[in-house]
Amino acid sequence: MNRDQLARIAVGDDERGGVSRRAFIKGSGAAAAATAIAQGAIVMADEAPTSTAVVGPEATAITMTVNGRQRTVSAEPRATLLEVLRTQLDLTGAKPVSSDGSSGASTVWLDEKPVSASTTLAIECEGKSVRTVETLGGVKPDPVVSAFAAHDAMQCGFCTPGFVVAVRAFLDKNPTASEDEIRAGLNGNLCRCGTYANVIAAALDVVKGGSNG
Amino acid sequence: MAEYSWPRRGTTSLIDTEQTRIDGVAKASGAAKYSCDINPKGTLVARAMGCPHAHCKIKSIDISLAKDVPGVVLVSPAKAIGDEIQWQGDIIAYVAAETEGAAAEGVAAITVEYEMLDVFVDDQHLAAAEAADRTGKPLSNVQLVNEPGDDEDEEAFEEAEIQRLLEASDVVVEGNYGINVITHMCMEPHGSTCEWNGDQLTAHLSTQNVSGTAGQFADPLGITASDVTVHCDFIGGGFGSKFAADSWGVACAELARQTGRPVRLMLDRDIELKTAGNRPSGFIKVKIGADKNGVVQVWDSQQWGTSGASGGGVSQGVVPYVFDPENRRRTATSIATNAGPQRAWRAPNHPQAAAITHTAYDDVAAALGIDSYDVFLRNLDSVSNDKADVYRAQMERAAELMQWKSKWHAHGKGEKKGSVVTGLGMGIHTWGGGGHNSTCRITIHPDGGVETALGSQDLGTGTRTVIGIVVAETFGLPLDAVNVKIGSSSYPASGPSGGSTTVAGVSESNRRAAQDALAQLNELVAAKLGVGAADLVAKEGRIQASGDASKSLSWKEACALLGMTPLEVNGEFRRGEPSSLSSSQVAGVQMAEVAVDLDTGIVKPLKFVAVQDMGLIINRKTAASQIYGAVIMGIAYSIFEERIMDLQTGAFLNAELADYRLPRLGDIGEIVVDLWEPDSEYERGVVGLGEPPVISPGAAISNAVANATGVRVPVLPLTPQRVLDALGSA
Amino acid sequence: MKAFEYAAPRRESELAGLFSGRPGATAVLAGGTDLVGLMKKMIVAPDRVVNIKEIASLYGISADSAGVTVGAVTRLDEMLDSADLDAFPAVKQAIRGINSMQLQSQGTIGGELCQRPRCWYFRNGCGLPTELGRMVERGDNRYHAIFGNRGPAKYVSASRIAPALVALGASVRIVGPASGEAVEGPPKNGAPVAQDGNALGEAIMPLADFFVTPRAPHQGETVLDPDQIVTHIHIPRDEQIASATYEVRQSEGPEYPLAAAAAALRIEAGVVTEARIVLGQVAPVPWVSEAAAAAIVGQAVTPESARAAGEAAVARATPLSQNRYKVQLARVSVERAILQAAGLETGGF
Amino acid sequence: MVYRRDSEEQTRSSVAPACALLRSKGMYVTGRLNPGEDDPLTGEVGDGHCWCNKTQNVLGPDDALVERGRCVPGRDCYQPGVV
């Protein structure tokens, strides 16, 4: 829309979170709505306005916590989290399957939320915590990993690490999930070999085994 | 030489039981390294540039801008000026760069001028293909009970005889059926990581053919196969598409040679789908005459389809599928399209043949108003293999598991709840299997360690575990006592994983080698214990005299008798040689129950029953997984997936995962797998399993939809659009 | 991906200097679920990417008696988990329909509304919208528009939540460089004045007006200029409005629906007194059907009246060569959204 | 006695000797050329997909398609072999 149509934001309001009560009222004619936005905004009152650093396109240092350890890598802004994990940190459990994240094979936790590393830029993760499927392995694997093995919830195994992260994340949120809930809740991952039936069995087993935590 | 045999059924500790795959935790936790995970220090990432046009000539290629992109190390054209491109996605050039982003930017900076040529990609309409001069000469194949007279014109006689038989039939069904092209969509795209050590190449290749691909790299690179080692510990799916080194594998090796650095080159998803193989389409026009019981008297069909630029399509040798009525005429026409070449796709030809012919058989049942089950049953006398009795028994079992008889209703006559109707359908199938050539080397170390090495690979079927089970069972050891080494061409050659031949092949070589090795070890143990070698048995970690447990040695004590030198024994199997350990040829029956929403055309699988014979089962757990997986792949091509081509430009429109529809976890309904295994199956040895259960779902699901709705949706996949079109409500 | 610069402002006031007014030069990164894939294929190739997820004021859900305000970078799963949104079943049903935990926890509401068109010609690099229109018309348009498709834009608006929000009368707040005088006193020292002298401004408008159908190259799918972003969405509260979203989804996966509709109904004494029916996945914008609303107003919701509204909704559909079936699916979507809003069985899956 | 007749094209398909560089999946699995006919041992059917060992492509050194029926004497890039 034309910039003439944008009402200038008054400073004080901006410092309370970027929402001008007056402008909102002007634009929408809904006074209550403006109040709601203002109340919802996070107040950063005492912080002096700053300008934002622009980095790149050259490689820049990115520091994030990966699997509990602080790591600094050098990567271009365009590098995906998946590329950095796989080629710089040797964490190859998350897999490159789809460029648009539609397979779920690159699922990792970003600040404890399951996201697709293939559609996340590494530089977005500056200062954040990344956790990968590798944290579920080791000598005492996570019950989800054990259940996947016990129920043969894999064939070629390429989609499996992403599925394991998804199941772990899903069960963390839904620790007593029923079979119907499992069938409804794990559709962000794709498997070509056709392991879904065994994935359902593995997830149910984790729920029933009470080892879900 | 010992007589090779399997232990008697019921006496095994590992074979024929459920064993957890030995690499399960490694795969589930991300520790397993696939070809695309191999990342030696300094590895460059390479990317292929696919042609955006389906049919054109290259007028010029300019790589100068691409070379200047920061991070780009090498740009290498794969085509020359004047080359003709015959399908979209054919590779024009490669770029090797420091990062993925630089490689992509390098590809985008290549400038190519094209001379556009006529495009043809329509495989559904034979007349259009004929008009465009894209059809091959029809192949025909006739079989009739009656013979022409000596001076009668053969074709005229055939035509007259077919017409006479149709007229004599109680019912004649005419129909059109079809199944679209699908792709392999391996989760791990095709590709490799290649590194050179002097003039020695190591190719970490995503391959189904570890032992066979070294020789494929050699010729184009001007070296010998002995200079090449192919490694593949884990492969992210192949389904028949990964038997070759491929031009992009060779290009990866060449880029590594020229840059002096390791190079990883995985195809982009869209290029892979466009150029690295697909399953041909099949369309058919059928006239089928049957008696009042639904027994087919005469089959007359004209089929067509495409395998891409070379024409092809579905082999008419399998039409009608499994059933082979005495009177039949079949004609097949191939259509050459500007589309990528086919490759083997799990059970080549069979799924398409089942989908386009068992549907016609089911329409006989619909026309006569009789139970589809009875029509399939009554036609079993005409099956082309010797499995009629097996099918009968399997049908009975499947019907019991599906509760077919209590659920059955005539086509289109079921109860409607809201806008939802349900229905039943079935199909039957056959496959050969049997072992491929396989050599292995078993080593027993004096400290008791056991390893077996062979140039096989694990497609995901559990091959590693199967090998371990066979060897451990033979030696009376636990599964984890055997170190299974596969996935390298430096090991004794074993066949590629294709055609359901791997489990039989590797079981043969390993059982043979293990039996021979044990016999040699037993000679030493027998001398030590003072008993006859023939009286010794290996079980529960000991070698002991049968019937006298006091005379025994632990496995470790026994192996110590080897002295300083490990015992190495090779096992070998050649396909086709008679053996008591393996055989071939299976049957299989599948039934589907689906629900269809008549208002939206959406098809949902409710329940699927798969009854499958497979000879002796090495590992029940991974065997069942194979069947579950095949059924789900079957649901995929029956309801969801197809290659969609733009008829104007020849572009493959849905060559990304977001657009290429596949079922998800919530889409599969209930799947009941029944391992069909009377003692006769165990006794005939190992056969192989991957292909057969993927064959029938198309027919079973299409028939279930026809039963539910009362109309035939002629072409798979059964999308809402096609279902609504068939219902006449679109 | 083309190489790009990157910035992650922490305050709205930092935005103004970061954007170029040149189309395509700057991309706004929110969840990234759509943008990053498009950048990999170089369908979108910005010189600079501005990540707005670090702007705290753009994050979160707040509610009062007037309605609920959702910051643009609020994740979809947080909306699903928010009791504040229980009053708007149409919104939650639409989010739930995305059927991917990953897309829900990574995707943001602002990004969901601003995702690029669902059209395989566009996503295969055929551009927007002029050339694309020709491609779609002659080509495979099975998933394309059946309404509003007479111009060059024949794709469907991708957003799955927009129909619900439009039906519920949501408004959207837009921020970008402004000209003209500030409405509330002169800027103090340190005010959000961009380096080029442009002060930041805002506007609030009905979401229904936010989406537009481009007629020429370089026109976008929304009213946003290249240097403007969505910051908040506001849904007015009205206890008497019942709502629902119904999507015709072929599978349980995250694939886009074949057709969808959202219904917001005021039902008094068993009779619909006010209705807004908005179709999704059928037009280049969320498609408001006055005809469907008119058909159901004054009626009790029954299978028959819902069906009549569905028929009214599609009476003037203009399907392309291969998507006539979508007319039926759009009809059913409307019918079922109305039934579902009224708490009745849809009779289908 | 049943009457059978195959079209000429059907019977002619694999008469001429194949080029030594011709490759197919069937050759690796069964050790024999398997250009799309039934495998008499098992009834298994091949897929007909062939490639050239020189180019590792479905196009031969002469840029024409690689197929059992085309990779025969007379083609410029044909190499006699033992297969």
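Which one is modelled with the highest pLDDT, of the residues in the stretch C:232-257 that are outside any strand (DSSP E or B) and more than 10 Å from every other protein chain (Cβ to nearest Cβ)? Before the answer, list the steps.
Residues of the stretch C:232-257 that are outside any strand (DSSP E or B), as a first pass: C:237-240, C:249-257.
Keeping just the survivors that are more than 10 Å from every other protein chain (Cβ to nearest Cβ) gives C:238-240, C:257.
Values: C:Asp238: 94, C:Glu239: 91, C:Gln240: 93, C:Pro257: 98.
That would be C:Pro257.
Scanning the stretch A:130-165 for residues that are more than 20 Å from B:Thr461 (Cβ to Cβ) and either touching a strand residue (DSSP E or B) at 6+ places or on another chain (Cβ under 7 Å) or not in a helix (DSSP H, G or I) (or both) gives A:Val130, A:Arg131, A:Thr132, A:Gly137, A:Gly138, A:Val139, A:Lys140, A:Pro141, A:Asp142, A:Gly162, A:Val165. Could you go through the stretch C:19-39 and let me know if any residue there is at the interface with another protein chain (Cβ under 7 Å from one of its Cβ atoms) and more than 22 Å from the chain's Cα centre (by Cα). No, the conditions are met nowhere in the stretch C:19-39. Filter the stretch C:30-54 down to the residues that are in a loop (DSSP other than H, G, I, E, B) and among the small types (Gly, Ala, Ser), then identify the one that is farthest from C:Leu165 (Cα to Cα). Going through the qualifying residues, I end up with C:Ala45. In this structure, B:Ser550 does not satisfy being closer than 30 Å to B:Val687 by Cβ and out of contact with any His (no Cβ under 6 Å at 6 or more places or on another chain). Listed conditions (1) surrounded by fewer than 24 Cβ atoms within 10 Å (Cβ to Cβ); (2) over 27 Å from B:Asp270 (Cβ atoms); (3) within 14 Å of another protein chain (Cβ to nearest Cβ) are all met by B:Pro693, apart from (1).
The numbered conditions (1) within 14 Å of chain D (Cβ to nearest Cβ); (2) assigned to a strand (DSSP E or B) are all true for B:Val503 except (2).
For B:Leu689, indicate whether it is closer than 23 Å to B:Met185 by Cα, free of Cβ contacts under 8 Å to residues at least 60 places away in the same chain, in contact with a helix residue (DSSP H, G or I) (Cβ under 7 Å, 6 or more places away or on another chain) and in the same structural domain as B:His358 (by TED's automatic domain parsing).
no
Tell me, yes or no, whether the stretch B:220-242 has at least one residue that is touching a Pro at 6+ places or on another chain (Cβ under 8 Å), hydroxyl-bearing (Ser, Thr, Tyr) and either over 24 Å from B:Tyr660 (Cβ atoms) or within 14 Å of chain A (Cβ to nearest Cβ) (or both). Taking every residue of the stretch B:220-242 in turn, none turns out to be touching a Pro at 6+ places or on another chain (Cβ under 8 Å), hydroxyl-bearing (Ser, Thr, Tyr) and either over 24 Å from B:Tyr660 (Cβ atoms) or within 14 Å of chain A (Cβ to nearest Cβ) (or both). The combined condition, being part of a strand (DSSP E or B), touching a Ser or Thr at 6+ places or on another chain (Cβ under 8 Å) and surrounded by fewer than 16 Cβ atoms within 10 Å (Cβ to Cβ), is fulfilled by B:Glu568. As a summary of the residue check, C:Gly347 satisfies the conditions (1) of a type outside the set (A, V, I, L, M, F, W, C); (2) more than 25 Å from the chain's Cα centre (by Cα); (3) not in a loop (DSSP other than H, G, I, E, B) except for the one numbered (3). Within the stretch C:334-349, restricting attention to residues that are more than 9 Å from chain B (Cβ to nearest Cβ) and not hydrophobic (A, V, I, L, M, F, W, C), the residue that is surrounded by the fewest Cβ atoms within 10 Å (Cβ to Cβ) is C:Gly343.
Of all residues in the stretch C:302-320, how many are surrounded by fewer than 24 Cβ atoms within 10 Å (Cβ to Cβ), within 21 Å of C:Gln250 (Cβ to Cβ) and of a type outside the set (A, V, I, L, M, F, W, C)? Here the count works out to 1.
Cβ-Cβ contacts under 8 Å between residues 6 or more apart (or on different chains), taken from a first residue in the stretch B:218-241 that is in the same structural domain as B:Arg257 (by TED's automatic domain parsing) and within 30 Å of B:Val631 (Cβ to Cβ) to a second residue that is basic (Lys, Arg) and outside any loop (DSSP other than H, G, I, E, B), are listed as B:Phe234/B:Lys27; B:Gly240/D:Lys25. In the set C:Leu207, C:Leu258, only one residue is farther than 24 Å from C:Val70 by Cα and buried (at least 17 other Cβ atoms within 10 Å of the Cβ); that residue is C:Leu258.
Among the residues making up the stretch B:614-631, those that are over 20 Å from B:Gly425 (Cβ atoms) and either among the aliphatic types (A, V, I, L, M) or buried (at least 24 other Cβ atoms within 10 Å of the Cβ) (or both) are B:Met614, B:Gly615, B:Leu616, B:Ile617, B:Ile618, B:Asn619, B:Thr622, B:Ala623, B:Ala624, B:Ser625, B:Gln626, B:Gly629. There is no residue in the stretch A:48-60 that is part of a helix (DSSP H, G or I), modelled with pLDDT under 70 and more than 15 Å from C:Leu15 (Cβ to Cβ). Scanning the stretch B:215-237 for residues that are touching a Ser or Thr at 6+ places or on another chain (Cβ under 7 Å) and part of a loop (DSSP other than H, G, I, E, B), we see that the one that is surrounded by the most Cβ atoms within 10 Å (Cβ to Cβ) is B:Gly236. Taking the criterion of being touching a residue at least 40 places away in the same chain (Cβ under 8 Å), in a loop (DSSP other than H, G, I, E, B) and facing chain A (nearest Cβ under 8 Å), the residues of the stretch C:55-108 that qualify are C:Ile55, C:Ser65, C:Ala66, C:Asn99, C:Ser100. Note on the stretch B:111-133: residues that are part of a loop (DSSP other than H, G, I, E, B), touching a strand residue (DSSP E or B) at 6+ places or on another chain (Cβ under 7 Å) and either surrounded by 21 or more Cβ atoms within 10 Å (Cβ to Cβ) or free of Cβ contacts under 8 Å to residues at least 60 places away in the same chain (or both) total 2.
In this structure, is A:Gly157 away from chain B (no Cβ under 11 Å) and at pLDDT 95 or above?
No.
Tell me yes or no: at least one residue of the stretch C:18-31 is without any contact (Cβ under 8 Å) to a residue 60 or more places away in the chain and polar (S, T, N, Q). No, the stretch C:18-31 contains no residue that is without any contact (Cβ under 8 Å) to a residue 60 or more places away in the chain and polar (S, T, N, Q). Would it be correct to say that C:Ala45 is of a type outside the set (Val, Ile, Thr), surrounded by fewer than 24 Cβ atoms within 10 Å (Cβ to Cβ) and at the interface with chain A (Cβ under 9 Å from one of its Cβ atoms)? Taking the combined requirement at face value, the residue does not satisfy it. Out of everything in the stretch A:122-136 that is among the acidic types (Asp, Glu) and over 20 Å from A:Pro161 (Cα atoms), what residue ends up being surrounded by the most Cβ atoms within 10 Å (Cβ to Cβ)? Only one residue tops the list, namely A:Glu124. Contact map, the stretch B:644-663: residues that are more than 14 Å from chain A (Cβ to nearest Cβ) and free of Cβ contacts under 8 Å to residues at least 12 places away in the same chain paired with residues that are surrounded by fewer than 22 Cβ atoms within 10 Å (Cβ to Cβ) and among the β-branched types (Val, Ile, Thr), Cβ distance under 7 Å, separation 6+ or inter-chain. Pairs shown: B:Leu653/B:Ile644.
Please verify whether the stretch B:278-301 includes one or more residues that are outside the structural domain of B:Val72 (by TED's automatic domain parsing), of a type in the set (Lys, Arg), assigned to a helix (DSSP H, G or I) and crowded, with 24+ Cβ neighbours inside 10 Å. There is no residue in the stretch B:278-301 that is outside the structural domain of B:Val72 (by TED's automatic domain parsing), of a type in the set (Lys, Arg), assigned to a helix (DSSP H, G or I) and crowded, with 24+ Cβ neighbours inside 10 Å.
The values are calculated or read from the model by the stated rules, or taken from the named source; none is laboratory data. All of these numbers come straight from a predicted model, not from anything done at the bench. Ideal geometry is used to build each Cβ from the backbone, glycine not excepted, and the neighbour counts take in all protein chains shown.
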